[in-house]
Structures are given as C-alpha cells and as structure tokens.
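Take a look at the structure below.
The values are calculated or read from the model by the stated rules, or taken from the named source; none is laboratory data. Not measured: the values here are computed from a predicted model. All Cβ positions, glycine included, derive from the backbone under ideal geometry; neighbour counts span all protein chains shown. Quick note on the areas: whole protein, heavy atoms, side chains included, nothing else; ligands and nucleic acids left out. Shrake-Rupley method; radii C 1.70, N 1.55, O 1.52, S 1.80 Å.
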Amino acid sequence: MNTLLNPNPNLSSPNFSIRTKKLRLLTNSGQQISLVAPANKTHTSIRSKRADSIVRCVLDSSIIDQLGLCESGLHNPSISTSYRSSDIPKPNQTLLDAQARVCTGPTQTKPLTEQQTLKVLDTILRSASGELGDGEEKVSRGQLGAFFAGMTIRANCFSEATQWSEGETRAMNALWPRLIRELPADIIFIADPEGSIMGVGTSIGPQFVGNGPNEMRLVGALREVLAGGHLGFEEVQGVLRDVLPLETGLQGNVCESLFSAFLIGQRMNRETDRELKAYCLSFDQEHGPPPVADVKSLTHYGEPYDGNTRFFRSTLFVAAVRACYGEASLLHGVEYMSPKGGITEEQMLKFIGANTHLSLLQTKGLLEDEDIGFGYLSQREARPSLYSLRGLREHIKKRPPIATSEKVQQFVRARGKEAIVAGFYHEGYEDPLLMLMRRRGVHSGLVVKGEEGALSMTTRLRSAQATKGPPVNYCAGFRSLSYPFVSEVDGVSRESFSVEVNAKDYGFEPTDTPRTDRSVLRNIELGLAALSGEKGPAYDRIVLNAGMVDHLLGCDGAEDVSAALDRAREAIDSGKALSRLLNYVKASHRI
C-alpha cells in the first residue's frame with residue numbers, strides 16, 4: 001500500500017475523535033472486520049469469509065474525508081510475503097539452499113554431498129556464462145560472496161565434523177580450474193584468499209587488493225575474517241562507514257561479494273563483544289543527536305526484524321496497553337526482511353491505515369501525545385544506511401551481525417527512565433544483547449525468548465520434549481537500584497536476574513498459541529478482538545506480556561505481578577488501549 005499523506009486542518013478540531021468512529025477491514029472477497037469503539041465501551045463484530053491475498057483497509061467515510069485519504073489508495077496484501085519489494089532481484093534458489101547448509105556456525109553446518117556440490121558449482125558456472133534455463137534466477141555477487149566465504153571459513157577453522165566432506169573436496173577439485181577461468185577475481189579471492197585451500201594453486205587470491213581505498217580496507221579486514229579471526233571496534237566501524245549505504249553500481253562503492261563475505265564470515269566466526277558494539281553504534285549519529293521525548297518512562301522494543309511466520313505477534317497491541325498507564329513504548333523494524341519474511345509491526349500498521357513513514361521528530365511527538373503514548377519507527381527513516389542492506393541480506397540467506405545489533409537501538413531518547421527489551425532465539429546471544437543494552441546506558445534491560453525468537457511470551461504449557469538452549473518464556477535482564485540513572489552506574493548498583501515465566505503460576509489457563517501463518521489479516525483480527533475485550537488466547541498473551549515486562553523492568557506500580565497484570569486488563573477492558581491504537585492511525589497522518 002502506498003501511504004497517502006494529505007493532512008486536513010480539520011483533524012485538529014476537538015470535536016473529532018477516531019474513538020467514536022467505525023473501522024472496517026474488507027477483502028476483495030467480502031471479508032469484513034467491523035469495529036466500533038465508543039468512549040466507555042467497546043464492541044467487535046467479526047464476519048469472516050475466505051480472505052484473498054490482497055485486502056484493502058477502509059476507514060469510515062467521514063474519517064477518510066478528514067484524513068484526506070482516497071479509498072483507492074488503501075490497498076494492502078494480507079500475506080507477509082506480499083510485502084517483499086519487487087525492486088530487489090530474487091536470489092538463485094539452488095545456491096540459496098546450499099547457503100542455508102554451509103553458511104552457518106561451527107556446529108550447525110551441514111556439509112554437502114558430492115552430487116549436491118556439483119549441482120551448486122554447475123549452477124554458478126552456467127550463471128556466469130549466461131546459460132541458465134528458464135525459471136532459474138541469476139546467481140548474484142552477494143550469493144557468491146556468502147557461499148564461498150562459508151566454504152573458506154569451514155576449510156580454515158571449523159572442526160572435522162563441519163569441515164568439507166570428501167564429496168565437497170572432490171567436486172571442488174574437479175571444477176576449480178573452470179571456476180578460475182569463469183569467475184571474477186574478487187570471487188576467487190574469497191574462495192582461496194591465500195592460495196592454500198585448493199590443490200591447484202593460483203596467485204589471484206594472495207595478490208588481490210581490491211579497487212580504491214574503501215575496498216582495499218575491506219579486503220584487508222576480510223582476510224582476517226576468512227581465516228577465522230576477529231577485528232577491533234574501530235576496524236569494523238571503519239569498514240561499515242566506508243561501505244554503507246550500499247549503492248550497487250555507483251563508482252567508488254565496494255563489490256557486493258566482498259561485503260557479503262564479510263557479513264556472513266563475522267556471523268560464522270561468532271562476533272565478539274567489540275564487533276557487535278561496532279555494528280550497534282556505528283550509525284547512531286546518522287541523523288544527528290537523537291531527539292529527547294518528554295516522557296517519564298520509555299521502553300525500546302527490539303523485535304526480530306524478519307517477523308513471525310507462525311504465531312500471533314502481540315507487541316503492537318502490548319504497546320497500546322502499556323501507554324494507558326504512562327509506560328511509553330517505541331517499536332522499530334522494517335516492512336519486510338529476510339530470511340523469514342514474516343509478519344512485522346510495519347505491515348500491521350500499514351494494514352490498518354497508519355502512516356509508516358514518520359521521522360524521528362514526528363515519532364517523538366506521538367510518544368508525548370497524552371492520547372497515544374507509543375510510536376513506531378521504520379529503519380527506512382531512522383537508519384537509511386542499514387536499511388540499504390535489506391536486499392543483500394536476502395541474498396546471503398543467513399542472519400548477519402546487524403540482525404542482533406539492530407534490536408538494541410535508541411532512535412529517540414527520554415527525559416525519564418529508559419529500558420530496552422529484545423527477543424532472542426539462539427543460545428549464547430543473551431549476554432551479548434544485555435551487554436549492548438548496558439552500553440546504551442539504560443535504566444533496565446530485558447531479553448526474552450518468546451515464540452519464534454520474538455518477544456511474545458506464551459501461556460501454553462512447556463513441551464515435555466527437551467529443546468536445545470533456554471526454553472520459551474525464559475527471561476534475563478538487569479534493573480538499576482538507583483534513580484536517576486547515570487550511564488556510569490557500577491555493577492553494585494545494578495540487579496541482575498533470570499527467570500522462566502510460567503503463565504499458569506499467575507492464573508492463566510494453558511492455551512495453544514493462535515496460529516497466523518503469515519496472515520497479516522489474521523494477526524490484526526486477533527489483536528483488535530482482544531483489545532475490544534474478547535477473552536481468549538490473544539487477550540491473555542497481551543495481558544501477560546504487558547504485565548510481565550512492567551514487572552521485570554521494575555516499572556512504577558508493577559512491583560507486584562498480580563497488580564501489574566490487573567492494570568493491563570483494566571487498560572483493555574475500559575477501551576482505552578483500543579482508543580490509543582485508533583488514535584495512532586489518525587495522528588500518524590495528521591503529523
């Protein structure tokens with residue numbers, strides 16, 4: 001959907017309130033969600049037929065007129081994958097499948113068989129010579145950089161179980177002479193940087209230096225990464241600032257293959273704290289000093305940017321709830337991101353008609369608005385340099401270091417207390433995330449292993465089958481014991497904790513998590529019904545996540561878990577949370 005900005009001066013009229021209007025979501029096949037939100041009571045009527053993949057979000061005609069919107073411009077796809085930008089070329093699927101196996105960690109890598117390796121290398125060679133068949137996407141430089149970086153790091157420093165298989169070795173030896181002839185020098189450098197991996201030696205790798213000062217710096221850093229080594233803070237920061245924003249085809253920019261190899265190589269080597277700090281902090285001043293919102297408390301929510309593919313994503317609705325009692329929330333993300341390509345907050349906000357192109361200052365205003373109290377920032381507006389990587393991230397297949405560090409951002413600061421909450425999935429990233437939060441100097445920090453690695457804690461019973469790493473609903477974090485908070489706080493002044501949240505202990509009946517299966521429509525339907533007071537699994541998850549986050553962060557009035565949960569229920573049952581969400585839609589266009 002193309003968001004239309006045509007603010008009407010009448011929006012400022014005190015007689016206009018979106019809370020007394022009707023919100024209707026219609027699909028092409030007639031599916032409708034009608035929502036009426038009077039001042040003191042809410043009611044939801046949901047009538048469903050089978051949804052088409054394209055939906056339109058239609059506000060009541062009087063609201064459309066006052067917002068200055070045109071109904072024909074309010075079209076939205078209902079499936080998360082429909083939000084993928086058509087401007088980004090699709091990667092070659094054969095090579096992408098191979099990258100999923102070999103461009104991962106020292107214990108997760110799955111070596112290829114000889115037949116699989118031959119198929120991949122043949123695809124690469126046919127792409128280089130322009131001989132791909134119909135329906136086969138061209139192999140991109142980004143894919144080549146990631147694949148051969150993965151192969152090189154495995155050969156140089158992985159354990160025997162995840163090094164090259166005998167089949168991979170035979171296939172590479174057989175086709176290496178052709179690869180040398182057909183592929184450009186940057187790819188040969190990545191595949192054999194010191195001329196020591198392949199049986200047939202070549203001087204291309206050892207002599208490769210790149211073109212121009214930026215690329216030369218990247219090549220020097222990449223040699224260390226491909227050997228399994230690590231870099232300092234300034235070195236990583238220098239590379240990032242040299243390369244980003246990534247603008248393919250422009251003179252002076254580096255080859256995508258080299259930067260792709262750099263990103264996937266750092267992830268495969270498991271980033272050090274100093275490397276992650278460089279990814280986290282390098283672009284803090286991209287728009288100058290962050291604006292400061294006049295709010296007593298601000299929580300920065302760091303959901304995985306690639307979204308949810310299976311389960312209800314609750315954070316948008318949790319933010320509306322917490323705003324009702326003065327806990328402002330700042331959400332951030334993107335419309336669509338690989339590798340999962342799941343449902344994101346930006347998709348949901350666009351679906352219900354909100355403007356998702358707000359600046360940092362505009363979002364600050366929404367945080368301060370006493371009728372709203374939460375905001376969303378797109379990485380497109382907040383960090384254009386990092387947003388320029390979204391296409392390359394799809395072509396490297398696996399999550400790069402930025403997938404971790406982007407969850408710990410402070411795009412807007414607060415005059416009062418600040419906290420950061422971030423989701424994680426893979427074991428071992430809890431401490432790095434908390435380290436980055438401490439580095440940010442926030443009052444409290446919390447990491448949550450929610451479902452799908454997102455922030456949504458669940459009320460379902462824990463599976464009897466043991467899972468690797470921390471269980472779902474595991475939380476860890478810190479709270480400052482003194483206020484006002486200062487960034488120089490020492491370890492004695494900070495309370496650390498870890499806990500596995502069992503929803504049953506707080507009176508929640510165990511329920512299966514609602515499935516959404518990439519349906520933005522279904523996720524919105526569940527969230528709006530819950531904010532309208534409809535009791536059920538979605539309602540319980542919103543209450544649980546709002547109350548537990550308040551309690552674990554040490555928010556005022558949430559010292560007792562039961563009181564924190566009751567406060568969240570009251571915000572929903574009174575209709576206040578729904579009103580704030582609908583007010584956000586209106587105000588995002590007024591701004």
If only one of E247, E271 is modelled with pLDDT under 95, surrounded by fewer than 24 Cβ atoms within 10 Å (Cβ to Cβ), within 23 Å of the chain's Cα centre (by Cα) and not hydrophobic (A, V, I, L, M, F, W, C), which one is it? E247
Among the numbered conditions (1) under 17 Å from the mean Cα position of the chain (by Cα); (2) touching a residue at least 60 places away in the same chain (Cβ under 8 Å), tell me where L377 comes up short. (2)
Can you tell me which condition E381 does not meet? The list is (1) surrounded by fewer than 23 Cβ atoms within 10 Å (Cβ to Cβ); (2) under 21 Å from A538 (Cα atoms); (3) among the charged types (D, E, K, R), and all the others hold. (2)
State yes or no: is K417 farther than 27 Å from A261 by Cα and modelled with pLDDT of 95 or more? yes
Is it fair to say G547 is closer than 26 Å to L481 by Cα and open to solvent by 10 Å² or more (accessible area, probe 1.4 Å)? no
Which numbered condition G229 fails, given (1) over 16 Å from V102 (Cβ atoms); (2) outside any helix (DSSP H, G or I); (3) open to solvent by 30 Å² or more (accessible area, probe 1.4 Å); (4) out of contact with any Pro (no Cβ under 8 Å at 6 or more places or on another chain): (3)
Please specify each residue of region 488-545 satisfying the condition of being assigned to a loop (DSSP other than H, G, I, E, B) and of a type in the set (G, A, S). G507, S532, G533, G536
Within region 494-512, identify whether any single residue is within 23 Å of the chain's Cα centre (by Cα), within 18 Å of R310 (Cβ to Cβ) and open to solvent by less than 80 Å² (accessible area, probe 1.4 Å), and answer yes or no. no
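Being part of a helix (DSSP H, G or I) and either touching a strand residue (DSSP E or B) at 6+ places or on another chain (Cβ under 8 Å) or in contact (Cβ under 8 Å) with a residue 12 or more places away in the chain (or both) is the filter; apply it to region 552-565 and report the residue that is surrounded by the fewest Cβ atoms within 10 Å (Cβ to Cβ).
Here is the first cut: in region 552-565, the ones part of a helix (DSSP H, G or I) are 552-553, 561-565.
Checking which are either touching a strand residue (DSSP E or B) at 6+ places or on another chain (Cβ under 8 Å) or in contact (Cβ under 8 Å) with a residue 12 or more places away in the chain (or both) leaves us with 552-553, 561-562, 564-565.
Working: L552: 24, L553: 23, V561: 17, S562: 11, A564: 22, L565: 22.
Filtering region 552-565 for residues that are part of a helix (DSSP H, G or I) and either touching a strand residue (DSSP E or B) at 6+ places or on another chain (Cβ under 8 Å) or in contact (Cβ under 8 Å) with a residue 12 or more places away in the chain (or both), the one surrounded by the fewest Cβ atoms within 10 Å (Cβ to Cβ) comes out as S562.
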It is to be established whether one or more residues within region 233-241 are part of a loop (DSSP other than H, G, I, E, B) and open to solvent by less than 50 Å² (accessible area, probe 1.4 Å). no
Has region 280-290 got at least one residue that is open to solvent by less than 20 Å² (accessible area, probe 1.4 Å), closer than 19 Å to A422 by Cβ and either among the β-branched types (V, I, T) or assigned to a helix (DSSP H, G or I) (or both)? yes
Restricted to region 152-200 and to residues being touching a residue at least 24 places away in the same chain (Cβ under 8 Å), over 19 Å from L258 (Cβ atoms) and basic (K, R), the residue least open to solvent (accessible area, probe 1.4 Å) is R178
